[in-house]
Amino acid sequence: MDNGGGNSLPSGPDGVKRKVCYFYDPEVGNYYYGQGHPMKPHRIRMTHALLAHYGLLQHMQVLKPFPARDRDLCRFHADDYVNFLRNITPETQQDQLRQLKRFNVGEDCPVFDGLYSFCQTYAGGSVGGAVKLNHHLCDIAINWAGGLHHAKKCEASGFCYVNDIVLAILELLKQHERVLYVDIDIHHGDGVEEAFYTTDRVMTVSFHKFGDYFPGTGDIRDTGYSKGKYYSLNVPLDDGIDDESYHSLFKPIIGKVMEVFRPGAVVLQCGADSLSGDRLGCFNLSIKGHADCVRFMRSFNVPLLLLGGGGYTIRNVARCWCYETGVALGVEVDDKMPQHEYYEYFGPDYTLHVAPSNMENKNTRQMLEDIRSKLLENLSKLQHAPSVPFQERPPDTEIPEADEDKEDADERWDRDSDMEIDDEQKILPSRVRRQLIESDAKDQDGQKVNPDHLRGTDAVEEIAAPAKASDVSAMAIDEQQPTKVEQDNLSKLSDQGYHKIT
């Protein structure tokens, strides 16, 4: 597998097997946002049960994520925000009303039991996947608990508290000059776009419903700023888009992105709220249509991180992510669903696939053609494969040895090693920010700059001067003994010059 600049040429038949690492924590389904809340982590447990009963787990390395720690989260998030998440509980929240408001926690993003552990778990899976890809230990890494794309540096948003995607991309940037982020959730991937809005080392491409819809960002005219100009692509869509219309945009746009940008790694956020019949969504994609995005990205044979995201009709979320795991493996799964503990959720048909509805597709051929033309025109303005010199990069994140969890966690760290991120970061000069905000300034092409994006320079500066690597990784799950750590592949690390953490 070529991990240098990335191989942008299709690799042949989709059936070619890939080595897949799959991250899952058996506790994840126990977290509960509260009565009536549409986000249900139980869907991850349902997905896992389907994977087990379809026999897909035996084709992958199944890993329990190593929980992300404070300093891992602080590679992107502000220290005071992470401290708040760590300390807030349902019992103490009434004493923290000012902080709750400041960090946008309380309604869409409620305080619930185990909130911080939940964040550590899903972020640990995404960063652990990036570590596995960086160490060439798999071709595709999967974390269906991740993909929480709305979280910002200093605040929660849209059911998301910690932006595991930004953290995973920062990890990938230690090994790859360029990383591509693609988002097929129905909602705009605003948190990831904002974090990398001013860099040319990360390209973000989001396909989303636009127009009187959360989070309200993602205009086709928002294309990046400064060095990041044209490295943000937004594909605004209307209600009822079907498989054919979606792929009339996805395939030519992503094909051109791969040709021009030539990423060394790809992160695909597979939010399932873009499926037909979603409780909060308004698109009309079939599971096969949604999965064709995974199939297409896989065909380029570039290291690939697959993440979850939205998805609120949970039986269809589990169907979708199970099928997409099969696509990642190159295994076709039967439409007839096997008996398992959540079988009753899938009646009356008990099939993996569900028919899309007959809802109106408001995306006309002309609209789709205009969007495709505009975005391909923007891509034509990019230099092929920008030559980005590597900054001095931090040490590689190590994969913990089996007995590591017995050690004192703090002793594995220089206590002051990576908590100075904010002090080192440079932001846009205040004069520039003020002028942009006051005048609703125009960028190089005379288009408006969204001042919100200027907050997104934080992760960019981290690329230039990253903190010391975190050692977030994973413990392999033995199906009978979920906490047992597999030694598989760890011996290879010493052969490659990686040393055991002490």
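The values are calculated or read from the model by the stated rules, or taken from the named source; none is laboratory data. What you see is a predicted model; the values in this text were computed from it and never measured. Cβ coordinates were reconstructed from backbone atoms using ideal geometry, including for glycine residues, and neighbour counts include every protein chain displayed. Remember, those area values only see protein heavy atoms, side chains included, never the ligands or the DNA or RNA. Shrake-Rupley method; radii C 1.70, N 1.55, O 1.52, S 1.80 Å.
When Lys374, Lys362, Lys336 are screened for being open to solvent by 40 Å² or more (accessible area, probe 1.4 Å) and touching a Ser or Thr at 6+ places or on another chain (Cβ under 8 Å), only Lys336 passes.
For Arg18, which of the numbered conditions (1) among the charged types (D, E, K, R); (2) under 20 Å from Leu133 (Cβ atoms); (3) at pLDDT 95 or above fails to hold? Failing condition for Arg18: (3).
If we scan region 291-311, do we find a residue that is open to solvent by 10 Å² or more (accessible area, probe 1.4 Å) and within 30 Å of Cys109 (Cα to Cα)? No, that holds for no residue.
Residues that are under 19 Å from Gly146 (Cα atoms), open to solvent by 50 Å² or more (accessible area, probe 1.4 Å), without any contact (Cβ under 8 Å) to a residue 60 or more places away in the chain and part of a helix (DSSP H, G or I) are absent from region 52-72 altogether.
As for region 197-210, it holds at least one residue that is more than 23 Å from Leu304 (Cβ to Cβ), modelled with pLDDT of 95 or more and not in a loop (DSSP other than H, G, I, E, B).
Criterion applied to Arg315, Arg279 was being basic (Lys, Arg), part of a loop (DSSP other than H, G, I, E, B) and open to solvent by 10 Å² or more (accessible area, probe 1.4 Å), and the one residue passing it is Arg279. Listed by first and then second residue, the pairs with beta-carbon distance under 7 Å, at least 6 apart or on different chains, first residue in region 25-42 and in a loop (DSSP other than H, G, I, E, B), second among the small types (Gly, Ala, Ser) and open to solvent by 30 Å² or more (accessible area, probe 1.4 Å), are Tyr31/Gly114. Apart from one condition, Asp273 fits all of (1) over 19 Å from Gly308 (Cβ atoms); (2) open to solvent by less than 10 Å² (accessible area, probe 1.4 Å); (3) of a type in the set (Asp, Glu); the exception is (1). Here Val354, Val317, Val388 are screened, and the one residue that is at pLDDT below 95 and either acidic (Asp, Glu) or closer than 22 Å to Gln269 by Cβ (or both) is Val354. Is there a residue in region 97-114 that is open to solvent by 10 Å² or more (accessible area, probe 1.4 Å), over 15 Å from Cys154 (Cα atoms), assigned to a helix (DSSP H, G or I) and modelled with pLDDT of 95 or more? The answer is yes, given that some residue of region 97-114 is open to solvent by 10 Å² or more (accessible area, probe 1.4 Å), over 15 Å from Cys154 (Cα atoms), assigned to a helix (DSSP H, G or I) and modelled with pLDDT of 95 or more. Scanning region 128-145 finds one or more residues that are in contact with a strand residue (DSSP E or B) (Cβ under 6 Å, 6 or more places away or on another chain) and surrounded by fewer than 24 Cβ atoms within 10 Å (Cβ to Cβ). Output the residues belonging to region 221-276 that are of a type in the set (S, T, N, Q), in contact with a strand residue (DSSP E or B) (Cβ under 7 Å, 6 or more places away or on another chain) and assigned to a helix (DSSP H, G or I). Passing the criteria: only Ser274. For region 40-84, the set of residues classified as in contact with a strand residue (DSSP E or B) (Cβ under 9 Å, 6 or more places away or on another chain) and of a type in the set (A, V, I, L, M) consists of Leu51, Leu56, Leu57, Met60, Val62, Leu63, listed by residue number. Evaluation of Pro13 against the conditions (1) modelled with pLDDT under 95; (2) over 14 Å from Asp139 (Cα atoms); (3) open to solvent by less than 20 Å² (accessible area, probe 1.4 Å) shows that the sole unmet condition is (3).
Consider Cys160 carefully, then state whether it is open to solvent by 10 Å² or more (accessible area, probe 1.4 Å) and under 20 Å from Cys74 (Cα atoms). So Cys160 does not fit the description; no.
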